[in-house]
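Undergrad: Shown below is the structure under consideration.
A short reminder: the numbers here are calculations on the coordinates, not readings from a lab. What you see is a predicted model, and the numbers here were worked out from it, not measured in a lab. Cβ coordinates were reconstructed from backbone atoms using ideal geometry, including for glycine residues, and neighbour counts include every protein chain displayed.
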Amino acid sequence: MRSTSLLFALTIGLSGVLAIPGSIARRDVDPSTCPTIRCASGTHPFFNPDTKRCSCKLNDGETICYTATSCISGTTPLWNARTESCSCVPNNTKVKERAVDPSTCPNIRCAADTTHAVYHADTKKCTCEPNTPTCSNTLFCANGAHEVSVPHSNNCTCEVDNKIPATCPLLHCINDYHMVYHPETKKCACDPDCPDLFCIAEQRPSYNPTSNSCSCQWIPGLEPTDATVTRDEPCADTVCISEKHPVFSEETKQCTCEWIPGLEPTGVPEPVSRAVVGCSGILCISEKHPVYNATSGHCECEWIAGFGPAAS
């Protein structure tokens with residue numbers, strides 16, 4: 001019983017060391033390198049090839065295994081370097097351990113607060129790369145780029161993950177795509193500009209090749225006016241469509257959705273017949289509404305008067 005309790009405590013100590021949450025890892029980083037985990041002093045990140053999970057392991061785990069583990073009679077502690085775990089096995093047991101995956105960077109230790117291990121498939125080597133910096137400026141890097149700190153500043157810029165080599169062909173990518181080099185395949189390809197950036201209905205993602213960054217830009221014709229839209233505090237829980245905002249009425253003591261200046265429709269919308277013909281389950285974009293088509297017998301999304309393409 002004593003040896004079992006000690007073994008359980010040692011197992012918890014070796015695998016459950018408190019991890020300090022880190023920042024989001026950049027794209028194209030092998031998750032087996034544990035880029036998002038930051039460990040306390042005296043421990044290091046470790047990727048378990050069996051569970052496919054990262055945890056913090058004690059640096060002297062093997063020493064503790066053989067010096068502080070009490071096994072029952074007829075058994076002896078055994079350190080498993082592949083999973084960095086300790087167990088009691090019968091005496092004279094020969095265990096054949098599989099080779100450790102080199103992409104997990106088992107032999108490199110990086111500064112826990114500033115860097116993390118990265119495996120390079122082209123060179124088959126691991127290096128310590130800087131952690132994603134904390135940026136004071138709002139920045140969203142494009143596909144194939146990552147944030148880097150500006151020297152002597154709290155701001156960041158976007159730097160490409162892999163520079164385009166001269167051996168890549170001169171590809172002409174279509175709109176919303178740009179060239180990205182993939183070292184794992186040693187090929188260049190046209191990848192989406194901003195696949196992870198989501199904008200409101202009146203904006204769309206825009207790629208800046210000079211800064212390697214993305215931002216949401218207004219769609220022509222849907223830009224707001226100079227009027228400042230204020231949100232009344234009593235109406236904080238009122239939800240309106242994107243072209244309206246909640247306004248509190250002193251007379252009725254209720255909140256209503258009113259048009260944002262400059263986003264009013266140019267004409268009077270046709271009556272919406274969804275309640276009459278059963279179009280309540282049809283969802284349309286904010287510039288359209290469901291209308292029953294008597295010819296087809298189906299509900300369809302039609303432009304609200306003043307919001308069609310001709311109005312842009």
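Undergrad: In terms of Cα to Cα distance under 24 Å, which lysines are near enough to residue 244, apart from those fewer than 8 places away along the same chain?
TA: 253, 288
Undergrad: Measure out, as a whole number of angstrom, how far apart the alpha-carbon centroids of the range 41-94 and the range 164-221 sit.
TA: If you average the Cα positions of each part, the centres end up 46 Å apart.
Undergrad: Now, a different point. What order, most packed first, do the peptides 163-171, 254-262 have when packing is the mean number of other Cβ atoms within 10 Å of each residue?
TA: The densest-packed peptide leads the list: 254-262, 163-171.
Undergrad: For residue 50 and residue 63, calculate 0.36 nm times their separation in residues minus their Cα-Cα distance, and state this gained length in nm to one decimal.
TA: 2.4 nm
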